[in-house]
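One structure below.
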Amino acid sequence: RDLVTEAEGVLEPLCLTYLAGYLKKNQIPISILDLTADNISYERLAEIIKDKNPQIIGIHANVPLVLKAAQVAKIAKEINKEIKIILGGHQATSLPKETLENFSFFDIMVIGEGEETLLELVRELNKESPDLKKVKGIAYREAGQVFINPQRPLIENLDLIPFPERELINFSNYRPPTKAYYSKPFATMITSRGCPFYCIFCAYARGVCRLRSPENVIGEIEELVKKYKVKSILFYDDTLTFDKERL
């Protein structure tokens, strides 16, 4: 992630902690590095990669951060060219073909919602002879060509997704924006995914909004309060107030 000012705060990387929780539930060993919150330099990153010697590295990037994501991928490939580099986020979803064509250090793009796709992809990559054409929701490079597989359906029941795996991040390093009056410790949550509208300027526009049940949401709040002693929560939904009765 990019460097931020004190006024902007540093929010949890929910995209990564959700993916980590889903993989961990399925017995896939995983760790998270947040270069921003943990103030990790590229030099320190190289040392960590050498020490951990991962088979797969997943990077999340929106469009403005693709160059920094490419730098991380370059560092990893220079250490071990056999590491598979997976990119997810807005960049991979909106420009999968162009990203693979222009950035040689990326191997695979995860397009759209990542939990089910990443799990299937990791399992396939761990095989002796992976067959990536079987994995829905990805783009990949093979023999100099870019292939884009069919889209993966969205997860309908969000309650089946484990809570974000916050044990893998340094929770105390995250802070709210200074202009917002939050008490600490502070956490970020989403209670839904998607939006029912079709605004042309929005990266999330899909016309579909899926909601977690109130019981599921309260379960995560209870975990945050009891386990992490959280005193305030920023709800980061695209349309938190869409269903007022539920809210």
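The values are calculated or read from the model by the stated rules, or taken from the named source; none is laboratory data. These numbers come from a predicted model, not from an experiment. Here the Cβ is made from the backbone with ideal geometry for all residues, glycine too, and neighbour counts use every protein chain on show. Ligands, DNA and RNA are stripped out before the accessible areas are found, and what is left, the full protein with its side chains, is counted by its heavy atoms. Shrake-Rupley method; radii C 1.70, N 1.55, O 1.52, S 1.80 Å.
Let me know the Rg and Dmax you get for region 156-247 when you use only its Cα atoms, in Å.
Looking at region 156-247, its Cα Rg and Dmax stand at 14.5, 41 Å.
From the convex hull of the Cα coordinates of the chain, what is the mean projected area in square nanometres?
Result: 14.1 nm².
Which residue, Cys199, Leu211, Leu224, has the largest displacement toward the positive end of the dipole of region 189-247 when charges sit on each Cβ (Lys, Arg +1; Asp, Glu -1)?
Result: Leu224.
Taking the Cα centre of the chain as the origin, how large is its charge dipole in debye, to the nearest 20, when only Lys and Arg (+1) and Asp and Glu (-1) carry charge on their Cβ atoms?
Charge dipole of the chain: 100 debye, to the nearest 20.
Just need the relative contact order of the chain here, percent rounded to a whole number, with Cα pairs under 8 Å and 6+ apart.
This gives 20 percent for the chain.
Accessible surface of Glu98 in the full protein assembly, 1.4 angstrom probe, to the nearest 10 Å²?
Spelled out: Glu98, probe radius 1.4 Å, area about 80 Å².
Given contacts defined as C-alpha pairs under 8 Å and at least six residues apart, what's the relative contact order of region 83-149, whole-number percent?
31 percent
Taking N as the number of residues in region 148-191, what value does Rg over Cα atoms divided by 2.2 N^0.38 Å take?
Ratio of Rg to 2.2 N^0.38 Å for region 148-191: 1.72.
Keeping every protein chain present and rolling a 1.4 Å probe, give me the accessible area per residue for region 12-144 in Å².
51 Å²
How many percent of Cα pairs in region 4-111 exceed 25 Å?
19 percent
Explain nothing, just the number: relative contact order of region 34-121, from Cα pairs under 8 Å at least 6 residues apart, as a whole percent.
The normalised contact order for region 34-121 reaches 26 percent.
Only helical DSSP H runs with n ≥ 4 go in: add -39500 (n - 2.57) per run for the chain, normalise by residue count and round the 222 nm mean residue ellipticity to 500 deg cm²/dmol.
That comes out to -9000 deg cm²/dmol.
Counting Lys +1, Arg +1, Asp -1, Glu -1, what net charge surrounds Ala187 among other residues with beta carbon under 13 Å of its beta carbon?
With Lys, Arg at +1 and Asp, Glu at -1, the neighbours total +3.
With no solvent and one equal point scatterer placed on each C-alpha of region 73-153, evaluate the Debye formula and give log10 I(q)/I(0) for q = 0.11, 0.14, 0.16, 0.20 Å⁻¹, two decimals.
Relative scattering, expressed as log10 I(q)/I(0), comes to -0.25, -0.42, -0.55, -0.88.
May I ask for the equivalent-ellipsoid semi-axes of region 86-215, computed as the square root of five times each C-alpha gyration tensor eigenvalue and listed largest first in whole Å?
30, 19, 17
Length gain on complete extension for the stretch Phe235 to Lys136, per 0.36 nm per residue less the alpha carbon to alpha carbon distance?
Length gained between Phe235 and Lys136: 32.6 nm.
Compute the length gained on full extension between Thr36 and Asn216: take 0.36 nm times their separation in residues and subtract their Cα-Cα distance, giving the result in nm to one decimal.
Working it through step by step, the gained length comes to 61.8 nm.
Could you put Thr17, Thr239 in order of accessible surface area, largest first, with the 1.4 Å probe and the full protein assembly present?
Thr239, Thr17
What do you get for Rg/Rh of region 186-235 when both radii come from the Cα atoms and Rh is the Kirkwood radius?
Rounded to two decimals, Rg over Rh is 1.12.
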